[in-house]
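Below: one structure, written as C-alpha cells.
Nothing in this text is a laboratory measurement; each read-out follows from the coordinates by a stated rule. Since the structure is predicted, the reported quantities are computational estimates derived from the model, not experimental observations. Heads up, the Cβs are rebuilt from the backbone with ideal geometry, glycines too, and the neighbour counts pull from every protein chain shown.
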Amino acid sequence: MSFEQLSQFNLGPDLFFGAGAIAHVQEIIEKEGFERVMIICDEGIEKAKILDQVMEQIKKTEAKCTVFSNVEANPTTGTVDAGMYLLERFQPDLLIGLGGGSPIDVAKALGMLATNGGQITDYEGMDKFEHESLPLLAIPTTAGTGSEVTIFTVVTDTATEYKLTAGGRKLAPKWALLDPELTLTLPRKITAATGLDALVHAIESYTSTMAHPLTEALALDAIRTISSNLRQAVYNGENLSARSAMLYGSLLAGIAFNNTRLGNVHAMSHPLSAKYNVPHGVANSVLLPHVMEFNLPAAPEKFMNIAKAMGESLDPSHPLMKNANKAVEAVKQLSTDIQIPKDFSDYNIPDEDIYPMAKDAMKSGNVLVNPRQTSIEDIIKLYEQTTGSAVSV
C-alpha cells in the first residue's frame with residue numbers, strides 16, 4: 001500500500017440508505033423549500049410503478065412537478081437536448097434522477113447545462129464548467145452503476161458515435177436515496193448485468209494505478225459483498241437481504257472508482273455501446289474476464305486478493321500466478337451462473353469496425369490508469385477475443 005497517494009478523497013452526496021428511504025423525498029423538498037421538481041426517468045420506471053411512489057411523496061408537498069421519461073439505455077445527445085427543451089420551459093429548482101445510470105447521467109447533464117449553457121459536447125473532460133449544477137437528488141433503482149455518488153456523466157454523441165464523459169465535483173448529486181425495495185422488481189437479466197457491472201467497478205478501482213488504501217478497502221469490501229449476493233438477487237428478486245447487499249456493494253464500488261477512475265473494461269465498453277447499443281452492463285460483463293487475464297501479470301498480488309475476496313481457497317504451495325488466476329476463474333464462474341453472454345456474437349460486429357472502436361477506446365482516460373500498460377494492438381486483440389473478429393493493423 002502506498003499512503004503517499006492519498007491526497008484528496010471525494011465522499012459524494014448526503015446518503016439515505018435502507019428500506020423505506022424513499023420517504024426522504026418529501027423531507028428534502030420541504031426542508032430545502034423547493035417549488036418546482038423535474039423527474040428524469042425511463043419508461044420502465046413508469047411501468048414498474050416506481051415513478052408513482054416518488055410522485056406520491058412529491059404530492060405531500062406544495063411543489064409542482066413534471067416528468068421527462070424518454071431516457072434510453074445508452075442516452076444520447078438528442079435525449080439531453082429533448083430534456084433541456086422541457087427544462088427550459090418548466091424551470092425546475094430541483095432535479096430527480098430516478099432509475100439506473102442512464103436517467104441519473106441525463107439528470108446530471110441537464111443540471112450542468114441549466115446553469116452553464118451550451119451543449120453537452122462542450123464539456124467533455126474534467127472540470128470544463130464553471131457554475132454549480134442545479135440541485136440533484138439521485139434515486140437508483142438498479143444495483144450497478146454507482147452514478148448516484150459519482151462526479152461523471154456519460155452520453156453518446158450521435159454525430160460521431162462516440163461516448164463522451166464530462167466530469168467535475170460540481171456535477172455530483174447533492175442527495176442520494178438508496179432504497180432496496182425499489183430494486184425488487186428489477187428483471188433477472190438486468191439484475192445480472194448491472195450487478196456484474198458493479199463488480200467491474202470494484203475490480204477496476206482496486207487494480208487502478210490511482211488506487212490507495214481508502215479506495216482499496218472500499219473496493220475489496222464491494223467485491224466480497226457483490227460476489228456473495230449477486231446469485232441470490234438474480235434468482236430470487238424478492239430477496240430483500242440480497243437486494244440490500246447488492247445496493248450497498250454498488251455504492252461502495254461507486255465511491256471507490258469515483259476517486260480512482262477505472263480501466264480497460266470501461267474504455268472498451270463505451271465504443272461498443274455507442275456503435276452497437278450494447279447495454280453498458282452487458283458490455284462490461286463480457287469484457288471483464290478477458291481484461292483480467294490481460295492485466296494479471298501486472299498485479300498478481302492484487303488479483304490474488306480479489307480471488308480471496310470472492311471466496312476462493314488459495315494454496316500457499318502454489319505459484320503466485322496460479323493463485324492469482326483464481327480471480328479470473330471466479331469471475332467466469334459467476335458470469336456463467338447468472339447467464340451473462342460469453343461474447344458479442346449476437347451483435348454481429350464486423351471485422352472492419354474493430355480498429356475504429358480500438359482507436360476510440362484508446363482516447364479514454366481509463367486506459368491511462370489500467371494496471372498494465374496498453375497499446376492499441378492490445379485493445380484490438382481483446383476485442384477479437386470477444387467478437388470473433390480478426391483484424392490486421
* Asked: For region 46-142, what is the relative contact order in percent, using Cα pairs closer than 8 Å and at least 6 residues apart in sequence?
  -> 28
* Structure fact -> Magnitude of the Cβ-charge dipole (Lys and Arg +1, Asp and Glu -1) of the chain about the Cα centre, nearest 20 debye, reported as 560
* Given G33, Q91, T61, which one lies farthest toward the positive end of the charge dipole of region 28-100, if we put +1 on the Cβ of every Lys and Arg and -1 on the Cβ of every Asp and Glu? -> T61
* From the square roots a ≥ b ≥ c of the eigenvalues of the alpha-carbon gyration tensor of region 138-217, which class results: rounded (a/c under 1.5), prolate (a/b over b/c), or oblate? -> rounded
* **Too-long pairs where the Cα-Cα distance tops 21 Å, listed order kept, from K170/K359; K108/K170; K128/K359; K108/K189; K163/K326; K60/K170** => K170/K359; K128/K359; K108/K189; K163/K326; K60/K170
* Asked: In the set (i) 21.5, 66; (ii) 23.3, 82; (iii) 20.2, 68, which value of Rg and Dmax of the Cα atoms in Å was calculated from the structure you see?
  -> (iii)
* To do: Report, in whole Å, the centroid distance computed from the Cα atoms of region 189-265 and region 280-311.
  => 13
* To do: Enumerate the whole-percent occupancy of each 5 Å bin, from 0 to the last occupied one, for all C-alpha pair distances of region 262-393.
  => 2, 11, 20, 22, 19, 14, 8, 3, 1, 0
* Using a cut-off of 14 Å between beta-carbons, work out the net charge of the residues near V234 (Lys and Arg +1, Asp and Glu -1, V234 not included). => +1
* Mean Cα-pair separation over length for the chain, i.e. relative contact order, pairs under 8 Å, 6 or more apart, % -> 15
* To do: Calculate how steeply helix 101-116 sits against the longest principal axis of the alpha-carbon atoms of the chain, using the helix alpha-carbon long axis, and give the answer as 0 to 90 degrees to the nearest 10.
  => 60
* Can you give the longest stretch of the chain with no exposed loop site, where a site means GluC sites (Glu not before Pro) in a DSSP loop (not H, G, I, E or B) with at most 11 other C-beta atoms within 10 Å? -> 239-393
* To do: Return the sequence-ordered ³J(HN,Hα) values of region 56-63 in whole Hz as given by the Karplus equation 6.51 cos²θ - 1.76 cosθ + 1.60 applied to θ = phi - 60°, using x for Gly and Pro.
  => 4, 5, 5, 5, 6, 9, 9, 6
* Net charge near E132: determine it from the other residues with C-beta under 15 Å of the C-beta of E132, scoring Lys and Arg +1 and Asp and Glu -1. => +1
* Prolate/oblate/rounded label for region 38-107 (Cα gyration tensor, a/c 1.5) -> oblate
* **Those trypsin sites (Lys or Arg not before Pro) in region 40-137 that DSSP places in a loop and that have at most 15 other beta carbons within 10 Å** => K49, K60, K128
* Structure fact -> Per the C-alpha gyration tensor (a ≥ b ≥ c, the square roots of its eigenvalues), region 256-295 is rounded if a/c is under 1.5, else prolate if a/b beats b/c, else oblate; here it's oblate
